[in-house]
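K.L.:
Here it is: the structure, laid out below.
The values are calculated or read from the model by the stated rules, or taken from the named source; none is laboratory data. On a predicted model such as this, the values are computed, not experimentally measured, just so you know. Here the Cβ positions follow ideal geometry from the backbone for every residue, glycine too, while neighbour counts run over all protein chains shown.
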Amino acid sequence: MQVKQDLKHEKGTTGVFRKEKEGFNPFKMAQQQFDRIADHLELDEQTRELLRFPLREYSFSIPIHMDDGSMKVFRGFRVQHNDARGPCKGGIRFHPQETQDTVRALSMWMTWKCSVADIPLGGGKGGIICDPHNLSEREQEKLCRGWVRQIARDIGPVRDVPAPDVMTSGQHMLWIMDEYETIMGGQYPGLITGKPVELGGSRGRTEATGYGLIYILRELLKEMKMDITKTTAALQGFGNVARYAAELFIQYGGTIVSVSCWDQTENSTYCYYKKTGINLEELVKITDRFGTIDKKQAEKLGYQVMPGDDWLTQDVDILIPAALEHSIIEENVQQIKPRVKVVICGANGPITPEAEDYLEKKGVVVIPDFLANAGGVVCSYFEQVQSNQNYYWTKEEVLGKLDNKMTDAFYKVWELSKRKKVRVSDAAYMIAISRVAEACKMRGWV
Amino acid sequence: MNIQFNDKEKKIISCIEEITGITPSIVKQQELEKEQHVEPYYIKEILLISSSFHFFQLEEEGRLSFLLQEYTASYGRKSLPKITHVESKEDCINLLMNQPFDLVIIFDKINDIDSYILGKQIKTITDIPIVLLGNSITELMKVEEINTENIFNKIVTWNGDGKIILTIIQLIEDTVNIHKDQQLANHGRYVLLIEDSIQYYSSYLLLLYDEIHGFLQSMLSDSLSEEQLVLRLSTRPVLLHVQDFDAAEQLYHTNKKRIIGIITDNNLDRGGNKTSRVGEKIAQFIESDKLNIPILIQSSEPHKGNLPEGLQLRFVSKKEPTLALIIKDFINECLGPREIVLKDSNQKEIFRIRNMNDLENAVLSVNDSILTSAIDQHIFSRWLRVRGEADLADKIQSIETEIHKADELRKQLIDVLEQYKYAQTQSSVTPFDRTSLPSHLEINRIGNGALGGKARGLSFLAKLVSKYISDDMFPNLRISIPRTLVISTDIFDAFLKQNSLPSDELFVLPDERIALKFMSANLPATVLGDLRTFIHNTRKPLVVRSSGVLEDSLLQSFAGIYDSILLPNESWETDFRFQDVCNAVKYVYASTFFEKARTYIKSTPKNIGDEKMAVIIQEVIGQKHETFFYPAISGVAKSFNYYPSGGCKQEEGIVYLALGLGKAIVDGGSTFGFCPESPTIPLFGTPKNFMRYAQRKFYALNLKSVYRIVERNEETSYSILGIDDARRHGILDKIASTYVRQDDSLYPGIYEGGSLVIDFGPITQYDAIPLAKALKLLLRISEMTLGYPVEIEFALNLSMTDSEKSELVILQIRSMVPPGRTSDIVIGDFNEDTDLCYSENALGNGIFDTIQDIVYVKPSFDMSNSPQVVGQVRSFNLKLMGEKKPYILIGPGRWGSADHWLGIPVIWSDIAGVKVIIETPFKERAIDPSQGSHFFHDLISSQVGYIITKEDKRNISMKWLESLPFVEEMPDVRHVRLLDPLEVRIDGKQGKAVIRLRKSNK
């Protein structure tokens, strides 16, 4: 689940984390989700107690000499939720307004995501409280290296494997890796994922999340006896996940009638619609590096430009929210057309539980985010494996394995959902949590 | 079961009876053969005249586009009907005058346009159907009153639901198609609506269309191939509507056998023509015809009098508030069950059967009482029948009638369903399904494009075998095709597009570089998951072959032009095997652009851009012996023999066999030939003569080899084994004979104290395996079905135990170009004065009288030099092809042989411009005609004459050749040119040839 991007930011930091906004606590929500499923699974109290909270939380100070000669102290952190199934996995983010409970919730969701995808990894999350817009490249590098120096003993290829996240990139990962290797005195490409291909990254990573979503959609449509070549979809978003999802969906013969994006200049979102289906290449050509589609060019190419929220009201078979959290909520879910049969979540947390309840009553199948967008973490796992072996696979091998893994994950969830007559997201949680609980039991932790 | 066979089928059946003594029980399938199938009538272009508001309504609220898409999908149409919208009369008329349309739809009350006058005007331009739509019934009724000339085929009210357009389209199409589409006419199920009130029939049409459409969806809910889809669609429910009694009567009488239900108004009043008690009149027809057609009569007036008894007749008042529901229930009863719900004694639902898979699962899992109860009610057969599976329904019905014990029932039902599934999968190419395990031998596909020639050939073979051949025909031999996956041409297109291939620079690169470029690119993501799953489940060696659209389409020969890759597939790691296969597929794609292919395509009417490549991945047929893999026997069978001998006729065909992999045959190595009509007759001298040339070595796949595709180190993949190895592997007992020196005799089988000879004696002499009979049957029925001679490639696995069957697996089928057209080529006896060359051993047919150039191998040539000759010949060929001059090629030994000691080892593209080849004698040895199959195949399909001469005066004179002025000379080969063309005559039927001089040349 992503923290809402608040454009205002504060310089400097006080305390470890900011206080939560009133009313909404993501960690509480994550725990509530967990509790509900734990009830279903009839988990014992000890296991619940173990899984409701992260195993370890680290917070520390990172003193940095800034470019202007001044000294600043930044706060860094890392939360390791559970590593019974394998080393922790999760992103490192830069954000000026990170909250403790958000990070805890995110690390917990990573545990479930890795578990439902059946990869041998646990969940973690962390980062540094800062605003990289206010930092030069050198300062960012120092920050990354400083972070590693504090936490090096508690991360590593067999311990905790970070990755890029909000406002961090492959370059940050390489600095982190480099610093770690200097400290440890060896080559540890398996420390971190999200590296560029030239320096140990996995081929296929760019496409993985988007493709992974479509592999799941493909199998779902087969189960629903819908011919993918005759289905239409509307996408919220036009970033990495949305684009690659659109690409593969179109290759399979489906039609995307609309995409939406944030317009940087107008500070607003727009939806770009074409009844006969978008042409992905032509749209990508008129999109800038921030992900904004040029409105005027799009109109010239025959696209209808509508307010961003209109993506939800398209008369299509499939909705793919692949941008923001909480984009389908109780207040707008009723605008979804009766034709829609599938909502598959490319973004994190795009549907609220109330909206999902409503959709379930309408017979719409909702594929939860942590299953649908697990392609990314699966590919990260592949990167970790390749790095540790120092043996890198072809793209075909990566994508072929990804396809098979996502397909397996889907079928297990689907089968359970049908057998127990529960919704798909519950089935996914049940599988995820029970696997982790089992691992804890086998280790003798509970 | 009364099955109608056409003449061809009757001939095939009697051929099968003659050869096997068994009458085949044929699963009657309606074939989509080109000469039988007529494309149904489809409305493709619709002109819609309405206000923009109405059109907007139709599009938005009426969801017209979406409905059209869905509609297209349901009825198996290839494309959407296209709607052109206009608002004005002028535009309408203009368009109609300049463009073809199939239907005009007019919305009433468009501004100030009088619909009727417009309709009349349209009728002066074109005769296509016109339909009037409107909101106001009163207005529409006014138009109807004046519509005496039938300007409007239909007048319908519209309530905003776009489905009305679909209903209209379907109605009009079906009214035509019940006459045009033979399949629909013979198998469709008709629902007749007789109603004259616009208000009522407009709503009934929508209601009935909805139910029929829903029923159709359930009919098609199995995973069906295109042929199965067409078959099912031919039995679909069809809605027909008439408004007056005369039309109703005619429709009834013409189609009564196909009508499954009638809904009729009891009083009709059309154009002043009143008819009352219509329903009863129709009911009387039904009664006198002794048919069992349900009829629903509705009327605004209460019914008087008695209705005929004993019929499925119902009466309902139009004022009945639940009228729509009653009609809905009625039509659903007529259509039959969409699904089966099995309940236990407490009426609790146990199983719901919606498709064939569900049926199979139900039969396996429900308890005895539920099963027997379903059987007693004939639930299954009824459901199958309305689903369009008449044959299967018949079989199940007989089980339902005859068997009542649960155990036996279950077994029989499963058997029948398995057979059905087997026949379905054998007879068509079905999409690859990861979730179903490979339990049958079947052809699967990945992708939606074309399958290419080889795959079509395989599919044809599969159909042939499943239709005509049953297990009991050859007791210890099973006939099948190899497990095959086809990656269709759209994947090739996507691959090229995604990787920006081919680029211009590609065409100047050598083949290896082209291959590397292709192999460093990536296959489309859409294929990877399925391919990986296929590889994961397949542990046998694989062959990856091309199946080009231009290739081997039974009629054209591209044999051997594109590359095949043989993969041991031995690694325990799925990833290694998967990557090997990906690379192999890409290599095959690359071979489309190799020099060999480019040169070859130039000699055909096609362009390189025309070629689209599908790829076949097949399991190699064979068995594992130690670290080697090979079939006991490989072979090629031809239904026409160009080298008849031993008293066998050309039409009786010939079979060539080799121990081990078929590479031995393809490369022109030593093989054994026999005639399938008379397998015991030796064709190449006595068996003892044959011994000298019998196979001593054979090819096997080395499972431990490391095969690197680009290095083309086939030699590493293939191992050459000897007879002793085969003996040790225990496969020779049906393949070898034993030569006993003391007796100077050859005994079929293995005996101590002699040397083994691979002459397949036990099979040809003792029929140890009914191979000859099976091949004879396959050749004959293939030839009959296709209408021309064929060549079949096959492999045989011998059974290792008595209880197992041996397996004859058919790998490919190709056409042999038909031998000689007519026998108006008269060749008399040898005339020393006029004939330059005369032979009674010639291949090909025709008169070639434009050839002036001769390329010949000099007499000083030594066979050890034959590889060098290839280059010299090739350069002459290139030159002459460039000058567009056909030529005669003369040389000793077997042209095209891979063994350079036996002949010049050219490949076809080295001599692609040749018109006639003369093979001169080379050391006195019996010529075993080169079974360099590809070479000869191309030779035949290029209509090249092949003349074999003997060492006698009829042979072409070297002295004469050497006296001619040469154009160019190389160390071993010379090119000469005559002033006037020679005349070459070849009579393919007689196998005679003569080359004559013109006077000026002598």
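K.L.:
Restricting attention to segment A:45-88, which residues are in a strand (DSSP E or B) and among the basic types (Lys, Arg)?
P.N.:
Result: A:Arg56, A:Lys72, A:Arg75, A:Arg78.
K.L.:
Working only within segment B:109-137, note down all residues that are more than 22 Å from B:Leu207 (Cα to Cα) and of a type in the set (S, T, N, Q).
P.N.:
Within segment B:109-137, B:Asn111, B:Ser115, B:Gln121, B:Thr124, B:Thr126 qualify.
K.L.:
Applying the selection to segment A:375-401, what residues are at the interface with chain B (Cβ under 8 Å from one of its Cβ atoms) and within 19 Å of the chain's Cα centre (by Cα)?
P.N.:
Residue satisfying the conditions is A:Leu399 alone.
K.L.:
Restricting to segment A:303-346, and then to whatever is hydroxyl-bearing (Ser, Thr, Tyr) and more than 14 Å from chain B (Cβ to nearest Cβ), can you tell me which residue is farthest from the chain's Cα centre (by Cα)?
P.N.:
Among residues in segment A:303-346 that are hydroxyl-bearing (Ser, Thr, Tyr) and more than 14 Å from chain B (Cβ to nearest Cβ), the one farthest from the chain's Cα centre (by Cα) is A:Tyr303.
K.L.:
On to the next question. Look through segment A:226-263, keep the residues that are within 11 Å of chain B (Cβ to nearest Cβ) and among the aliphatic types (A, V, I, L, M), and return whichever of them is surrounded by the fewest Cβ atoms within 10 Å (Cβ to Cβ).
P.N.:
So the residue we want is A:Met226.
K.L.:
With respect to B:Ile479, is the statement that it is within 26 Å of the chain's Cα centre (by Cα), modelled with pLDDT of 85 or more and within 14 Å of chain A (Cβ to nearest Cβ) true? Write out each step before concluding.
P.N.:
On the way: within 26 Å of the chain's Cα centre (by Cα): yes; modelled with pLDDT of 85 or more: yes; within 14 Å of chain A (Cβ to nearest Cβ): no.
Answer is no for this residue.
K.L.:
Mind counting the residues in segment B:424-449 that are crowded, with 19+ Cβ neighbours inside 10 Å and either at pLDDT below 55 or away from chain A (no Cβ under 14 Å) (or both)?
P.N.:
Count: 11.
K.L.:
A follow-up question, please. What number of residues in segment A:403-415 are more than 10 Å from chain B (Cβ to nearest Cβ) and closer than 22 Å to A:Ile351 by Cα?
P.N.:
Adding up the residues that qualify gives 4.
K.L.:
Where in segment B:57-138 are there strands (runs of 3 or more DSSP E), lying wholly inside it, with at least 3 residues that are touching a helix residue (DSSP H, G or I) at 6+ places or on another chain (Cβ under 8 Å), β-branched (Val, Ile, Thr) and in contact (Cβ under 8 Å) with a residue 12 or more places away in the chain? Before the answer, list the steps.
P.N.:
On the way: elements: B:82-86, B:103-107, B:130-134.
It comes to B:82-86, B:103-107.
K.L.:
Right, something else. For segment A:226-314, list the strands (runs of 3 or more DSSP E) that sit wholly inside it and hold at least 2 residues that are modelled with pLDDT under 95 and small (Gly, Ala, Ser); which are they? Show your work before the answer.
P.N.:
Details: elements: A:232-236, A:255-263, A:268-273, A:304-307.
Because the criterion is at least 2 residues that are modelled with pLDDT under 95 and small (Gly, Ala, Ser), no strands (runs of 3 or more DSSP E) in segment A:226-314 meet it.
K.L.:
Of the residues B:Ile327, B:Ile350, only one is in contact with a Leu (Cβ under 7 Å, 6 or more places away or on another chain), over 16 Å from B:Ala406 (Cα atoms) and surrounded by fewer than 17 Cβ atoms within 10 Å (Cβ to Cβ); which?
P.N.:
B:Ile350
K.L.:
Further, regarding this structure: Could you run through segment B:767-820 and say how many residues are within 17 Å of the chain's Cα centre (by Cα) and either free of Cβ contacts under 8 Å to residues at least 24 places away in the same chain or on the phi > 0 side of the Ramachandran plot (or both)?
P.N.:
Matching residues across segment B:767-820 total 1.
K.L.:
What number goes with the only condition from (1) within 14 Å of another protein chain (Cβ to nearest Cβ); (2) not in a helix (DSSP H, G or I) that B:Phe518 does not pass?
P.N.:
Failed condition: (2).
K.L.:
Follow-up question, since we're still on this one. Condition first: modelled with pLDDT under 80, crowded, with 23+ Cβ neighbours inside 10 Å and not aliphatic (A, V, I, L, M). Can you find one or more residues in segment B:914-922 that meet it? Explain how you work it out, then say what you get.
P.N.:
Here is the first cut: in segment B:914-922, the residues modelled with pLDDT under 80 are B:922.
Restricting the remaining residues to those that are crowded, with 23+ Cβ neighbours inside 10 Å gives none.
The answer is no, given that none of the residues of segment B:914-922 is modelled with pLDDT under 80, crowded, with 23+ Cβ neighbours inside 10 Å and not aliphatic (A, V, I, L, M).
K.L.:
Mind listing just one residue for me: the one in segment B:710-748 that is at pLDDT 90 or above and assigned to a loop (DSSP other than H, G, I, E, B) and, of those, surrounded by the most Cβ atoms within 10 Å (Cβ to Cβ)?
P.N.:
B:Ile735
K.L.:
Among what's in segment A:382-438 and is within 23 Å of B:Asn522 (Cβ to Cβ) and of a type in the set (Val, Ile, Thr), pick the residue that is surrounded by the most Cβ atoms within 10 Å (Cβ to Cβ).
P.N.:
A:Val398
K.L.:
Now for a different question. Return yes when A:Glu330 is in the same structural domain as A:Thr209 (by TED's automatic domain parsing) and under 30 Å from A:Thr102 (Cα atoms) and no when it is not. Don't jump to the end; show me each part of the working.
P.N.:
Numbers: in the same structural domain as A:Thr209 (by TED's automatic domain parsing): yes; under 30 Å from A:Thr102 (Cα atoms): yes.
So A:Glu330 fits the description; yes.
K.L.:
Quick check on my filter: what residues within segment A:212-225 are in a loop (DSSP other than H, G, I, E, B) and surrounded by 21 or more Cβ atoms within 10 Å (Cβ to Cβ)?
P.N.:
none
K.L.:
Scan segment A:186-214 for residues that are within 12 Å of another protein chain (Cβ to nearest Cβ) and either farther than 24 Å from A:Leu248 by Cβ or basic (Lys, Arg) (or both) and jot them down.
P.N.:
Scanning segment A:186-214 gives a single hit, A:Arg203.
K.L.:
For segment A:334-346, indicate whether the set of residues that are of a type outside the set (Gly, Ala, Ser), surrounded by fewer than 22 Cβ atoms within 10 Å (Cβ to Cβ) and not assigned by TED's automatic domain parsing to the domain that holds A:Thr209 is non-empty.
P.N.:
No.
K.L.:
Follow-up question, since we're still on this one. Please identify the pairs in which a residue from segment B:900-920 that is over 16 Å from B:Phe876 (Cα atoms) has its Cβ atom under 6 Å from the Cβ atom of a residue that is charged (D, E, K, R) and modelled with pLDDT under 90, counting only partners at least 6 apart or on another chain.
P.N.:
Partner pairs satisfying both residue conditions: B:Leu902/B:Arg894; B:Gly903/B:Arg894.
K.L.:
Across segment A:363-374, which residue is farthest from the other protein chains (Cβ to nearest Cβ) among those that are surrounded by fewer than 24 Cβ atoms within 10 Å (Cβ to Cβ) and not in a loop (DSSP other than H, G, I, E, B)?
P.N.:
Among those that are surrounded by fewer than 24 Cβ atoms within 10 Å (Cβ to Cβ) and not in a loop (DSSP other than H, G, I, E, B), it is A:Val366.
K.L.:
Give A:Tyr215, A:Tyr244 a once-over and let me know the one that is of a type in the set (Phe, Trp, Tyr) and within 23 Å of A:Asp165 (Cα to Cα).
P.N.:
Just a single option satisfies the conditions, and that option is A:Tyr244.
K.L.:
Which of the residues spanning segment B:523-563 are at pLDDT 90 or above, of a type in the set (Ser, Thr, Tyr) and crowded, with 21+ Cβ neighbours inside 10 Å?
P.N.:
B:Thr526
K.L.:
For segment B:521-535, what are the residues that are at the interface with chain A (Cβ under 8 Å from one of its Cβ atoms) and over 16 Å from B:Asp490 (Cα atoms)?
P.N.:
B:Gly529, B:Arg532, B:Thr533
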